Amino acid sequence: MAGKITSLGLGSSVLNADVIDKLRKADEDNVIKPVDKKMELNIEKQKQLVEIETSLATLRGHTKTLSDYSTFLHRDVSVSGDAVKATAAAGIPVQNVNIEVKGLAKSDINEVGTKFSSRDDVFTNEDTSLDFYTNGNNYSVKINAGMTLGEVSQAITDATNGKVMGVVMKTGGEKPYQLMINSKETGENNRIYFGTMIKSERISDQDIELNGEQDFYVEVKGNDGVAHKIGISLKLSNSQDRAEALRHAIKDAINNNETTKGLIENGEINIGLSDEGKSLIINDKRGLSISVGGEKKGMLGFVNVEAKAKELFSSTNEVKAGALSGTFQISGTTIDLSQITKKENTAEQNAVALVEALNKVEGMQASVENNKISFNSNGKEINIVATSPEETKALESVGLKSGKYSDFSTLQKSLFKLKNVQAASDSEVLYNGASIKRSSNTIDDVVGGLTITLQKLSEEGKPDVISVTQNTENLVKEVTEFVKAYNETVPKLDAVTKFDPDTKRGGVFNTETMIRTIRPNLNQALTQSITSGTEVKSLMDFGISLNDKSVMSLDAGKLASAVSSDPEKAKEVFYGGEKKDSSGKFTRYDGVFTKVNAVLADLLEGGNAKLKTFGQTLERELKNYNSERDKSKKMLDARYDTMAKRFASFDEQIAKANNSFNAVQMMIDQAAGNDKKK
């Protein structure tokens, strides 16, 4: 104030700025300073509250984990050997599983015997197709004359949408390039069958006894080129893998027949399984006709009983009626239409006559339906030649076309020369002694949540042991971290709530009941006992204890041992469980950490959390203190501004009075001086 009112006190030694400053300081000490102290205390409370909330939030991070059911579902997996790997999902039963790998799942790998100098070499100079069956589907890959090896490879992949892959391999030698035809996936269903085949439906569930050819036979062409009926003898019961048993019986019968011996071994005849092992496939890779028969073939699921080579040619035009003229050649044999047709012949009669003539050509097998000619070959190339317009016209009159026609059996010998390098197969394991087959080397559907990956065959009689155990490491780690966080939190609570009787001073929250009760409430939850049936359990059973100063101790060895030996007990004490009351009804009870978590949640979680509400109260108080301080300061400013103005006015009047007094004094002094002179 003295610095602003510079004239104050000129006429008086009493009414000056120092007097006003002293009066204001006294008022501020009485009015402003108490509010400032309240504000300082409030700010300190907010600061300490933030620290408490942070400590309790850290503590709750661990209690949330320890009170979460999923924490007790974590599993560890170990494998005693190296034939398999395994992983376990949370919550699967703790168990040991014996796995002996008897066979690995494989994909189908086939090589085309013809070799090439380059990927760009022409695969064939004739139009043809490659037909095969796999995984329930028939495929026909069109191969045009002039297509390169690489183009044929891509055509196979494209025709099957990548389920069967054409792969060009560089194998070495003078002509190093070779076409491989492989299945993308593993498993018996993905086996690739070339040539002719018969597929059964599902075998009947009845007991079936087969006693040779009368009941059931398979007819295939032997090494002598003659078709042979091979009778099958077998008893099928409901307890067997019926399709597998029939497959072995057919294989054995073919191998034991002198005329067909070796056909199974060299891959000319294949007996496979389909539809996840429920049905049978009989395949002749040579492309020759095969059939099945016998009184019980239907019980074995055989509806289609014969497989013939695919028709090489099927006419779209009918044979004409009347007398036909002209000649053409088929595989060196001349057909003269004027010799086999008559003027009065119908189209049907001409077609029958033509078929008779065609069947006299070596290797040709012709037939007619609706006056349209079809033909196949018996392992021979059929070459129909028309060298003049007249001959072409003669062919057209009977619906035939010139060209070279080769059946699969011919192409197999001359071009494809297909050889199976690796047959697609299912994996097979002994799962706790039970035989299990799957289409891949990953087994995840026997025990839900347990995934087993097969890596190699086991030594005979030496299974790998997969041990699924409770994951105790993470649980012990969480408890250890909880104890650490608890012992860091309690001293903070004590510091802000304590009271020293000697100094009569207390912590900032000494009078706050809500803060003072946090530690007792936590301790009450931590020291409770859990009763399940007749057994009473507590944290002390797991090496966790509190002393009289609320310092928590942990015996980590005892904790690890207790959790490992009885993980269910750990779950009941930490998380909780269910117990049956006298009426037989199950009721839920909370474990220790579930209750501790509830105490902390009441303090920290949600819009109505106690500490959050308390913090909001402190914020409002500080706002009110600021408002009160501002109001008091403005009041004092106004008071002392008025006082300063009044003091200035009074000082001016005193100054005038002093000036008047001084003038009179001077006059008196002068008058007194004159009197002395006289």
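No lab work stands behind these numbers, since they all come straight from the coordinates. If you're wondering where the values come from, they're calculated on a predicted model, not measured in any experiment. Using ideal geometry, Cβ is built from the backbone for each residue, glycine included, and neighbour counts are taken over all protein chains shown.
Placing +1 on each Lys and Arg Cβ and -1 on each Asp and Glu Cβ, with no other charges, gives segment 315-400 a dipole about its Cα centre of roughly 60 debye.
Couplings for segment 78-84, taken from phi via the Karplus curve 6.51 cos²θ - 1.76 cosθ + 1.60 with θ = phi - 60°, read 10, 10, 6, x, 10, 7, 9 Hz in order; Gly and Pro are left as x. Site pair N378 and N30 shows an inter-label distance of 13.6 nm when each label is modelled 7 Å from Cα along Cα→Cβ.
Peptide packing for 115-122, 591-598 was compared via the average number of neighbouring C-beta atoms within 10 Å per residue; ordered from the highest value, the list is 591-598, 115-122. Cα-Cα over 28 Å: which of K456/K569; K170/K437; K37/K504; K175/K413? As for pairs spanning more than 28 Å Cα to Cα, those are K456/K569; K170/K437. Farthest towards the positive end of the charge dipole of the chain, among the residues L59, T469, G212, is the Cα of L59, using unit charges on the Cβ of Lys, Arg, Asp and Glu.
Using the alpha-carbon positions of the chain, Rg (one decimal) and Dmax (whole number) come out as 52.2, 197 Å.
Here the Karplus curve 6.51 cos²θ - 1.76 cosθ + 1.60, taken at θ = phi - 60°, turns the phi angles of segment 269-282 into couplings of 10, 10, 10, x, 10, 9, 6, 6, x, 9, 10, 10, 10, 10 Hz, with x standing for Gly and Pro.
Within 10 Å, Cβ to Cβ, of G146, how many net charges do the neighbouring residues add up to if Lys/Arg are +1 and Asp/Glu are -1? Here the count lands on -3.
Counted residue by residue at 0.36 nm each, then reduced by the alpha carbon distance between them, the extension gain from K37 to S129 reaches 23.2 nm.
Summary value for segment 412-491: 12 percent relative contact order, contacts being C-alpha pairs under 8 angstrom separated by 6+ residues.
Count Lys and Arg as plus one, Asp and Glu as minus one, and take only other residues whose Cβ is under 14 Å from that of K404; the net charge is then -2. Couplings 3J(HN,Hα) for segment 506-515, derived from phi with the Karplus relation 6.51 cos²θ - 1.76 cosθ + 1.60 (θ = phi - 60°), are x, x, 4, 10, 4, 9, 8, 4, 4, 6 Hz, where x marks Gly and Pro. Once the other residues with Cβ under 15 Å from the Cβ of A598 are scored (Lys, Arg +1; Asp, Glu -1), what is the net sum? It works out to a net charge of +1. Near the amide H of A309, within less than 5 Å, lie the amide hydrogens of S289, all on another chain or at least 5 residues away, with H placed in the peptide plane. Using only side-chain charges placed at the Cβ, +1 for Lys and Arg and -1 for Asp and Glu, the dipole size of segment 214-272 relative to its Cα centre rounds to 140 debye. The protection proxy used here, the mean number of other Cβ atoms lying within 10 Å of each residue, ranks peptides 538-545, 123-130 as follows, highest first: 538-545, 123-130.
What shape does segment 315-400 have by the C-alpha gyration tensor, where a ≥ b ≥ c are the square roots of the eigenvalues, rounded means a/c under 1.5, and otherwise prolate means a/b greater than b/c and oblate the rest? In terms of gyration-tensor shape, oblate.
Under 5 Å from the amide H of S440 lie the amide H atoms of S427, each residue being 5 or more positions distant or on a separate chain, with H modelled from the backbone and absent for Pro and chain starts. Only Lys, Arg, Asp and Glu carry charge here, each on its Cβ (+1 for the first two, -1 for the last two); on that basis the chain has a dipole of about 3520 debye about its Cα centre. Note on L246, L56: ascending count of other Cβ atoms within 10 Å places them as L56, L246, the fewest first.
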